Amino acid sequence: MRNTVENVNRQGDVVLRAGDGSYVLAQQIDAKPLRAAQILEGALETVGIAAATDPDTGATYEFFIAAYGLSRDAALASLA
């Protein structure tokens, strides 16, 4: 599934917009830099550890998925 980085903070909390329009709340568990609007390919609709790949660079990013199927407001509120 195609995911877009919506927001990332210094603590490694990440909000991604999934291909179906829902939002995913994750904690990045590697140290590779992410940027807003970055595209990541991967299945991120399961709570637990998951990986996604940047199709432009081939870099793989690892996450702990805390929640999925969220609204944008719910996902962003979780970062506050």
Quiz prompt | Listed values (i) 51; (ii) 12; (iii) 72, entry calculated as percent of Cα pairs over 21 Å apart | solution = (ii)
Practice problem: Quick one: among Val15, Val24, Val47, which has the greatest mean-square fluctuation in a GNM of the chain with alpha-carbon springs under 10 angstrom? | Solution: Val47
Quiz prompt | Relative contact order (%) - the chain, alpha-carbon pairs under 8 angstrom, separation at least six | solution = 31 percent
Quiz prompt | Förster-model FRET efficiency, 35 Å R0, Asp56 and Leu76, C-beta, rounded to 0.05 | solution = 0.90
Quiz item: Using all Cα-Cα distances in region 8-54, what percent lands in each 5 angstrom bin from 0 up to the longest?
Solution: 5, 19, 37, 29, 9, 1
Exercise. Take the chain, connect every pair of alpha-carbon atoms lying under 10 Å apart with a spring to form a Gaussian network, then pick out the residue of Ala50, Ala36, Ala18 with the largest mean-square fluctuation.
Key: Ala36
Quiz item: How many angstrom separate the Cα center of region 19-35 from the Cα center of region 50-80?
Solution: 2 Å
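Each reported figure results from applying straightforward, stated rules to the coordinates on display, with no laboratory input. Predicted model, so just to flag it, every value in this text is computed and none were measured. Glycine gets a Cβ as well: all are built from the backbone with ideal geometry, and neighbour counts include every protein chain shown.
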